[in-house]
Structures are given as structure tokens and as C-alpha cells.
Amino acid sequence: MNNDEIRAALESWLEDNWSPQLSLMEWRNILVDGGWAAPHWPQAWFGKGFDAEQAQVVRTVFRERNIVPAASIGPRGLASETILAHGTDGQKTRYLRPILTGEHAWCQLFSEPGSGSDLAGASTKAELKDGRWIVNGQKVWNTSAHHADFGILLARTDFDLPKHQGLSYFLIDMHQPGVEVRPLKQMNGHASFNEVFMSDAVVSADDLLGGEGNGWAVAATTLSYERQGFRRSRSVAFDIEQPGRIYQEYAKELEIANEPYTWYPQREGRVDLILARARETGAISDPAVRQEIAKLLSMQQAHALAAASAEAKRKSGSNEIVPAGSIGKLAASVIARQAAHVHTMISGADAMTAGPDSATDGVIAEVLVSVPAISIAGGTDEIQRNIIAERVLGMPKEIRSDTGPFRDIKRNA
Ligand SMILES: Cc1cc2nc3c(=O)[nH]c(=O)nc-3n(C[C@H](O)[C@H](O)[C@H](O)COP(=O)(O)OP(=O)(O)OC[C@H]3O[C@@H](n4cnc5c(N)ncnc54)[C@H](O)[C@@H]3O)c2cc1C
């Protein structure tokens, strides 16, 4: 199907099926059955097998007509793409539909107090007892865990194997006595993350994803989607102020789902405010400031072009290794830091003031304390540099002191 045919097919389908008077759940189920909820997924699993460009046509029509899309905010996308790639038919049947309809929210249970960058060093333990996995350990920095119904969990099932081989990947029910979620307060005042404690938490044998000992390979799928996400904007242009039951229900869903991400535009540096602020304050006529603004805007433009070029190569089926995820993520963090620097040059001491009386309602202050997060989330800058150096440039690998059985490796030393 070409893009015009997709648009025509979707518009005719919407004519027959869409109504703002439907309940959110009624509509989402119709959407899933019609294959338009996740058109880039295979036809056997709720999709239409579209490529990225074709799926974009669908998103554009939805936006133009203010059609409520499938639920996509938060770590549920990481869960669904990973389940789609590695799940059994039973797992896909159980979990994919309620993710798309929004019935189930998910969180990512990867990082631990002693293993963030060194994710393969996870020591949360899962043991098979009487046909069920019993999980004990602690995770940390888990975005949205306080809203989540399920978690994607990386845990160690064999302490005698080398660290990458003894891991397994589970789908865990968060609503059980063995799972305790404790919120963490950040320096920017928000509380998006949590600590998650698992004490004899139970996972059914059917909820091991990708087979025992394959956790590292399955986690690599999740991480690659996570890094690609840094190239996409999280803000969805949607006019929610519309008459109709569905918009009221969707607004409630968005309020909860978006809550952990309200500061994410600030963590990207708010480049969009720079020129207006520079004009407003008169800093635009300072040559040193102009130079830094030019540097920032050129980096942003180069980043956008590099991402477009990587996407074009991917589409053309080129075999060239383009680490678009790692480079894109690294670029996003360099741009955010430069933006924070320029905001400071423009606003001076005003940049430190928070609250409604401050310049731009405290947004600049929030930028300054939120930008560091982009260099950490989804793999730190140093880790992205290691990936690019070793896997793309073919440079020598880091010297390892962590081979051999995991139980013999020195940890948290
Ligand atoms: C906004 C945000 C959202 C997050 N959401 C989640 C989530 O939902 N689920 C989840 O599981 N986790 C989440 N995290 C956690 C995140 O994945 C970890 O913070 C990250 O992987 C870094 O791990 P760490 O904090 O343990 O730092 P460490 O790994 O302890 O790193 C400390 C410092 O050492 C450097 N370093 C470490 N190893 C190397 C190396 N080999 N070479 C060079 N330098 C190195 C790092 O770059 C860093 O500067 C989130 C973090 C943020 C900021």
C-alpha cells in the first residue's frame, strides 16, 4: 500500500468506527481489532506490518482528526516491543492487548543499587521452586513503578555462570504482597522514580521471557528501544478539550501516565526558549552569547540530520552499522548541557530562581537541575562512548576483571 492508499483506508475505517461518545476501553478494543493500534506490528499480532514511514501516516491522520490513539506512554512500550520480539504466543496473547488498550501499565525493573551501568551485574535472585519463580532483591530508579501493574524484570537465575549468562528476564505482577514500591524525591522536586523491594515475590513459570539464561539478550532488545526513544519527542500534540466521553476518560489516563514525565522537556534543555529569552533580556546583542547560541542550534540541526540519515540508511536495507541509538542519545545529552549553559549566560542569577515570580515561572531553574538526568537515564554518556568505541570504531575493549562464575566476582568494592 502506498501512503495515499493507507490514508484512504484509515479514513474510511474511521468513518465506520470512530465516535467520541464511545468509552475509552470500547474504542481501544475496536482500534486493536482493526489493526490500527500498532500498525507497525505484524498482522498476526494486532498490527498491519507497516514500515516506519507507513506507521507515521497513521499517526498523522490520528493527530489531524484528534483520534485517541493506543496507550503508549511510559515503559509499556519497552515491555510490548520486547514481548513481541521474544514472547511465546501465550505471552503475546496475555499481555499485548491490555498494553495497547491501556488496561495495564508497566515499569522497567533493571537498575539496582550496585548495578546500573554494569547492568549485567544484577544480583536480584530468582529461584524455581515448586514450578514458580521466587524473587528476592532490590531495584532502584524505576520510573512509574508507583503506577505499574506489571514490571519487566532482569534477575539472576544462576550464580555459577559468568555474569551475562546467568540472567533471565521475567514479567512480574506488581500487585502482590512480595513487591513493595517506595517513591524517591528528586532534586528538581518531582518524584518519578521508585525503589522496588522484592521479598519472596512470585512469578509464574509462564512469565519467564525468552528462556532461562537468555536474560541479557532479551534485555538488549529493551535497551535498544529505550535508546531510540531519546530521538523521539515525548510530547504528543493532542487537543484534549473536545466534547465527548472518550476525551474525558483519555484526559484522566494522560494525567496519570504523564505525571512522571512533566519535567522531561526541561531535561532536554528547552532549546525552544533560548532565542525568545535572548531577545527579551537583550543578551542577543552580546557576541559571546550569540556564539554559544549558534553552537547550540547547529548541534541541534546536525543531530536531526544525522538521525534522518541513519533512518534513511536503515530503510534502504544498508548493512552499515549505524549506532543511531547510542549516538543519538549522546547527542541529546550534549545538546541539553549546552542549552543549560546558554540559559545560564542569558538569565544570569535569575536562572536560579524558582516559583511563579521568577523568570519563565521557574522553568529555567528546573532546566538546570533536570539536565543532568539525560546523561544518566538509559545508559550514561560514558557507556554510550564505550559502545561506539568498541562496537562501531572497533577499538580495544575495556579490560575485564569480571569473568568466571558470578559468585566469585568482587561486587560493590
Ligand atoms: C531519568 C531516569 C530514568 C530512569 N528510569 C529507570 C527505569 O525506569 N528503570 C531502571 O531500571 N532504571 C532507570 N534509571 C536508572 C539508569 O538506568 C541508571 O541510573 C544508569 O544506568 C546509570 O547507573 P547508575 O546510576 O548505577 O550509575 P553508575 O553505573 O554507578 O555510574 C556512576 C558513574 O560511573 C561511570 N561509569 C560506570 N561504568 C563505567 C565504565 N565502564 N566506563 C566509564 N565510566 C563508567 C558512569 O558513566 C557514571 O558517571 C533511570 C535513570 C534516570 C536518570
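The values are calculated or read from the model by the stated rules, or taken from the named source; none is laboratory data. Keep in mind it's a predicted model, so treat the numbers as computed, not measured. Positions of Cβ are backbone-derived with ideal geometry, glycine not excepted, and every protein chain shown enters the neighbour counts. In case anyone asks, the SASA skips ligands and DNA or RNA and just uses the protein heavy atoms, side chains included. Shrake-Rupley method; radii C 1.70, N 1.55, O 1.52, S 1.80 Å.
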Spans of helices (runs of 4 or more DSSP H) in the stretch 42-148 with at least 3 residues more than 24 Å from residue 215 (Cα to Cα), at pLDDT below 95 and away from the ligand (no atom under 16 Å from the Cβ): 52-64
Just a yes or no: is a residue in the stretch 287-296 open to solvent by 40 Å² or more (accessible area, probe 1.4 Å), within 29 Å of residue 86 (Cα to Cα) and assigned to a helix (DSSP H, G or I)? no
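Out of 105, 55, report the one residue that is open to solvent by less than 30 Å² (accessible area, probe 1.4 Å), under 18 Å from the mean Cα position of the chain (by Cα) and touching a residue at least 12 places away in the same chain (Cβ under 8 Å). So that I can check it myself, show each step before the final result.
Values: 55 fails: under 18 Å from the mean Cα position of the chain (by Cα).
Testing whether each residue is open to solvent by less than 30 Å² (accessible area, probe 1.4 Å), under 18 Å from the mean Cα position of the chain (by Cα) and touching a residue at least 12 places away in the same chain (Cβ under 8 Å) leaves just 105.
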Among (1) within 14 Å of residue 294 (Cα to Cα); (2) within 28 Å of the chain's Cα centre (by Cα) - the single one residue 346 does not satisfy: (2)
Report yes if some residue within the stretch 112-128 is of a type in the set (A, V, I, L, M, F, W, C), surrounded by fewer than 23 Cβ atoms within 10 Å (Cβ to Cβ) and over 19 Å from residue 222 (Cα atoms); otherwise report no. yes
Can you pull out the residues in the stretch 26-50 that are free of Cβ contacts under 8 Å to residues at least 24 places away in the same chain and on the phi > 0 side of the Ramachandran plot? 35, 49
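Of the residues 232, 279, only one is away from the ligand (no atom under 16 Å from the Cβ) and either open to solvent by 60 Å² or more (accessible area, probe 1.4 Å) or at pLDDT below 90 (or both); which?
Values: 232 fails: away from the ligand (no atom under 16 Å from the Cβ).
Answer to the check: 279.
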Residue satisfying condition, being surrounded by 14 or more Cβ atoms within 10 Å (Cβ to Cβ), farther than 30 Å from residue 308 by Cβ and either among the basic types (Lys, Arg) or within 16 Å of the ligand (Cβ to nearest atom) (or both), within set 208, 171, 161: 171
Within the set of pairs 6 or more residues apart or between chains, which connect a residue that is within 17 Å of residue 118 (Cα to Cα) inside the stretch 382-396 to a residue that is part of a helix (DSSP H, G or I) and of a type in the set (Ser, Thr, Tyr) with Cβ atoms less than 7 Å apart? 384/326; 387/326; 388/326
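Among residues belonging to the stretch 142-157 that are touching a residue at least 60 places away in the same chain (Cβ under 8 Å) and surrounded by fewer than 21 Cβ atoms within 10 Å (Cβ to Cβ), point out the one that is farthest from residue 101 (Cα to Cα).
In the first step, residues of the stretch 142-157 are kept if they are touching a residue at least 60 places away in the same chain (Cβ under 8 Å); the result is 143-144, 147-148, 150, 152, 154-156.
Narrowing further to those that are surrounded by fewer than 21 Cβ atoms within 10 Å (Cβ to Cβ): 143, 147.
On the way: 143: 20, 147: 16 Å.
Out of the qualifying residues, it is 143.
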